[in-house]
1. Could you look at the chain and say what percent of its accessible area is carbon and sulfur, using a 1.4 Å probe and all protein chains?
2. Starting from the Cα gyration tensor of segment 108-163, multiply each eigenvalue by 5, take the square root, and state the resulting semi-axes largest first in whole Å.
3. Could you check the simple spin-label distance between Glu118 and Asp23, using points 7 Å along Cα→Cβ, in nm with one decimal?
4. Subtract the Cα-Cα distance of Glu15 and Arg132 from 0.36 nm times their separation in residues, and report this length gain in nm to one decimal.
5. Taking amide H atoms as placed 1.01 Å from N in the peptide plane, list the residues 5 or more away in sequence, or in a different chain, whose amide H sits under 5 Å from that of Ala29.
6. Pop out the Kirkwood hydrodynamic radius of segment 61-145 from its pairwise C-alpha distances, inverse of mean 1/r, in Å to one decimal.
7. Need one number: the % of Cα-Cα pairs in segment 1-69 sitting beyond the 15 Å mark.
8. On the principal axes of its Cα set, how long, how wide and how thick is the chain? Give whole Å, largest value first.
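The values are calculated or read from the model by the stated rules, or taken from the named source; none is laboratory data. Computed from a predicted model, the values in this text were never measured in an experiment. Counting neighbours? That spans all protein chains shown, and the Cβs are built from the backbone with ideal geometry, glycine included. Calculation scope for accessible area: heavy atoms of the full protein, side chains included, ligands and nucleic acids excluded. Shrake-Rupley method; radii C 1.70, N 1.55, O 1.52, S 1.80 Å.
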Amino acid sequence: MRRDDLVDTLLAIDEEASLVLGDSRTKPAVIIVGGAAFMLRDLTRRSVTHDVDVLQAAQAVRQILAAYPVVNGYVASFADQTPYNFEDRLVSLEIGARTIKYMTPSTEDLVVMKLYAERPNDVQDIDAAAERGAIDWQLLDRLVYDPDESKASALSERRYQEMVGSYERFCERWRCESDV
(Lines give C-alpha, C1' and ligand atoms only; values in the text may rest on other atoms or scores of the structure.)
Protein backbone atom coordinates (compact mmCIF):
# COMPACT_ATOMS: atom_id res chain seq x y z
CA MET A 1 0.00 0.00 0.00
CA ARG A 2 1.14 3.49 -0.81
CA ARG A 3 0.62 6.43 1.55
CA ASP A 4 -2.57 7.47 -0.28
CA ASP A 5 -3.90 3.91 0.08
CA LEU A 6 -3.13 3.98 3.80
CA VAL A 7 -5.02 7.25 4.23
CA ASP A 8 -7.95 5.95 2.15
CA THR A 9 -8.13 2.79 4.27
CA LEU A 10 -8.02 4.74 7.54
CA LEU A 11 -10.69 7.14 6.30
CA ALA A 12 -12.91 4.21 5.23
CA ILE A 13 -12.54 2.77 8.74
CA ASP A 14 -13.35 6.20 10.15
CA GLU A 15 -16.48 6.46 8.00
CA GLU A 16 -17.63 3.00 9.09
CA ALA A 17 -16.98 3.96 12.71
CA SER A 18 -19.14 7.06 12.31
CA LEU A 19 -22.02 4.88 11.06
CA VAL A 20 -21.61 2.31 13.83
CA LEU A 21 -20.80 4.63 16.72
CA GLY A 22 -22.68 7.76 15.71
CA ASP A 23 -21.61 11.17 16.90
CA SER A 24 -19.63 11.22 20.08
CA ARG A 25 -17.76 13.88 21.95
CA THR A 26 -14.96 11.45 22.69
CA LYS A 27 -13.16 10.09 19.69
CA PRO A 28 -11.93 6.50 20.04
CA ALA A 29 -8.16 6.30 19.66
CA VAL A 30 -6.13 4.10 17.33
CA ILE A 31 -2.33 4.07 17.69
CA ILE A 32 -0.48 3.09 14.51
CA VAL A 33 3.13 1.87 14.52
CA GLY A 34 5.59 0.28 12.09
CA GLY A 35 6.18 1.21 8.49
CA ALA A 36 2.69 2.67 8.12
CA ALA A 37 3.40 5.16 10.93
CA PHE A 38 6.63 6.22 9.22
CA MET A 39 4.83 6.61 5.88
CA LEU A 40 1.85 8.49 7.30
CA ARG A 41 4.21 10.95 9.02
CA ASP A 42 6.45 11.33 5.94
CA LEU A 43 9.47 10.02 7.86
CA THR A 44 10.63 7.45 5.30
CA ARG A 45 11.72 7.14 1.68
CA ARG A 46 9.79 3.91 1.46
CA SER A 47 6.84 4.13 -0.90
CA VAL A 48 4.93 0.98 0.10
CA THR A 49 4.05 -1.11 3.11
CA HIS A 50 2.03 -4.29 3.27
CA ASP A 51 -0.10 -3.54 6.30
CA VAL A 52 -1.15 -1.18 9.06
CA ASP A 53 0.12 -2.24 12.47
CA VAL A 54 -2.12 -1.09 15.30
CA LEU A 55 -0.49 -1.04 18.72
CA GLN A 56 -3.62 -0.04 20.60
CA ALA A 57 -7.22 0.63 19.66
CA ALA A 58 -10.24 1.64 21.64
CA GLN A 59 -12.59 -1.27 22.26
CA ALA A 60 -15.32 0.52 20.27
CA VAL A 61 -13.38 0.23 16.98
CA ARG A 62 -11.62 -3.13 17.31
CA GLN A 63 -14.35 -5.06 15.52
CA ILE A 64 -14.33 -2.54 12.67
CA LEU A 65 -10.54 -2.81 12.36
CA ALA A 66 -10.80 -6.61 12.29
CA ALA A 67 -12.90 -6.41 9.12
CA TYR A 68 -9.96 -4.93 7.20
CA PRO A 69 -7.42 -7.61 6.20
CA VAL A 70 -4.60 -5.07 5.78
CA VAL A 71 -4.94 -4.00 9.42
CA ASN A 72 -3.13 -5.92 12.12
CA GLY A 73 -5.65 -5.09 14.83
CA TYR A 74 -3.39 -5.41 17.83
CA VAL A 75 0.32 -6.11 17.49
CA ALA A 76 1.16 -7.28 20.98
CA SER A 77 4.65 -8.24 19.81
CA PHE A 78 5.57 -4.55 19.87
CA ALA A 79 4.78 -4.23 23.59
CA ASP A 80 8.35 -4.89 24.72
CA GLN A 81 9.76 -2.67 21.98
CA THR A 82 7.95 0.48 23.02
CA PRO A 83 9.45 2.87 25.56
CA TYR A 84 7.44 2.68 28.75
CA ASN A 85 5.96 6.18 28.72
CA PHE A 86 5.29 6.46 24.97
CA GLU A 87 1.70 7.60 25.61
CA ASP A 88 3.08 10.92 26.86
CA ARG A 89 4.53 11.62 23.41
CA LEU A 90 1.76 10.55 21.01
CA VAL A 91 1.41 12.50 17.76
CA SER A 92 -1.99 13.01 16.11
CA LEU A 93 -2.33 12.14 12.45
CA GLU A 94 -4.20 14.92 10.69
CA ILE A 95 -5.67 12.96 7.77
CA GLY A 96 -9.24 14.23 7.87
CA ALA A 97 -10.75 11.58 10.14
CA ARG A 98 -13.92 12.77 11.90
CA THR A 99 -14.73 9.91 14.29
CA ILE A 100 -11.45 8.18 15.15
CA LYS A 101 -8.40 9.87 16.60
CA TYR A 102 -5.48 8.28 14.73
CA MET A 103 -2.11 8.68 16.41
CA THR A 104 1.43 7.37 16.30
CA PRO A 105 4.14 7.31 18.92
CA SER A 106 6.72 10.09 18.60
CA THR A 107 9.42 9.75 15.98
CA GLU A 108 11.88 8.80 18.72
CA ASP A 109 9.56 6.10 20.12
CA LEU A 110 9.11 4.73 16.60
CA VAL A 111 12.89 4.71 16.12
CA VAL A 112 13.34 2.70 19.33
CA MET A 113 10.80 0.18 18.06
CA LYS A 114 12.65 -0.08 14.74
CA LEU A 115 15.98 -0.47 16.57
CA TYR A 116 14.61 -3.56 18.31
CA ALA A 117 13.72 -5.18 14.99
CA GLU A 118 16.63 -3.90 12.88
CA ARG A 119 15.43 -5.52 9.65
CA PRO A 120 16.47 -3.89 6.34
CA ASN A 121 13.20 -1.90 6.06
CA ASP A 122 13.58 -0.79 9.68
CA VAL A 123 17.11 0.47 9.08
CA GLN A 124 15.89 2.28 5.95
CA ASP A 125 13.08 3.95 7.93
CA ILE A 126 15.44 5.05 10.72
CA ASP A 127 18.01 6.41 8.27
CA ALA A 128 15.32 8.34 6.39
CA ALA A 129 14.07 9.95 9.61
CA ALA A 130 17.66 10.95 10.44
CA GLU A 131 18.19 12.36 6.93
CA ARG A 132 15.04 14.45 7.29
CA GLY A 133 16.30 15.90 10.59
CA ALA A 134 13.18 14.51 12.28
CA ILE A 135 14.93 13.04 15.32
CA ASP A 136 15.33 14.79 18.66
CA TRP A 137 18.67 13.24 19.59
CA GLN A 138 18.47 14.22 23.24
CA LEU A 139 15.07 12.58 23.61
CA LEU A 140 16.19 9.48 21.72
CA ASP A 141 19.22 9.11 24.02
CA ARG A 142 16.92 9.36 27.03
CA LEU A 143 14.48 6.80 25.63
CA VAL A 144 17.29 4.34 24.95
CA TYR A 145 19.25 4.73 28.18
CA ASP A 146 16.80 5.90 30.88
CA PRO A 147 15.88 2.90 33.05
CA ASP A 148 12.28 4.15 33.18
CA GLU A 149 11.80 4.04 29.39
CA SER A 150 12.97 1.31 26.97
CA LYS A 151 14.61 -0.73 29.67
CA ALA A 152 11.41 -0.68 31.75
CA SER A 153 9.37 -2.22 28.95
CA ALA A 154 11.95 -4.75 27.71
CA LEU A 155 11.01 -8.37 28.33
CA SER A 156 14.62 -9.31 28.98
CA GLU A 157 17.98 -7.71 29.60
CA ARG A 158 19.33 -9.47 26.50
CA ARG A 159 16.67 -7.92 24.21
CA TYR A 160 17.32 -4.52 25.73
CA GLN A 161 21.10 -4.84 25.22
CA GLU A 162 20.57 -5.90 21.60
CA MET A 163 18.52 -2.74 21.02
CA VAL A 164 21.22 -0.61 22.69
CA GLY A 165 23.78 -2.19 20.34
CA SER A 166 21.55 -1.33 17.36
CA TYR A 167 21.27 2.23 18.63
CA GLU A 168 25.02 2.57 19.04
CA ARG A 169 25.56 1.33 15.45
CA PHE A 170 22.94 3.82 14.27
CA CYS A 171 24.64 6.54 16.29
CA GLU A 172 27.98 5.79 14.67
CA ARG A 173 26.42 6.27 11.24
CA TRP A 174 24.62 9.49 12.05
CA ARG A 175 25.99 11.62 14.82
CA CYS A 176 28.81 10.31 16.97
CA GLU A 177 31.45 12.09 14.91
CA SER A 178 29.65 15.42 15.21
CA ASP A 179 28.75 14.75 18.87
CA VAL A 180 25.33 16.34 18.39
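1. Carbon and sulfur: 47 percent of the exposed surface of the chain.
2. On the way: eigenvalues 78, 41, 8 Å².
Ellipsoid half-lengths, sorted descending, are 20, 14, 6 Å.
3. The modelled label-to-label distance comes out at 5.3 nm.
4. 38.9 nm
5. HN-HN under 5 Å from Ala29: Ala58, Lys101.
6. Across segment 61-145, the inverse of the average 1/r is 14.4 Å.
7. Values: 1255 of 2346 pairs.
Of all Cα-Cα pairs in segment 1-69, 53 percent lie more than 15 Å apart.
8. That gives 53, 31, 26 Å along the principal axes, largest extent first.
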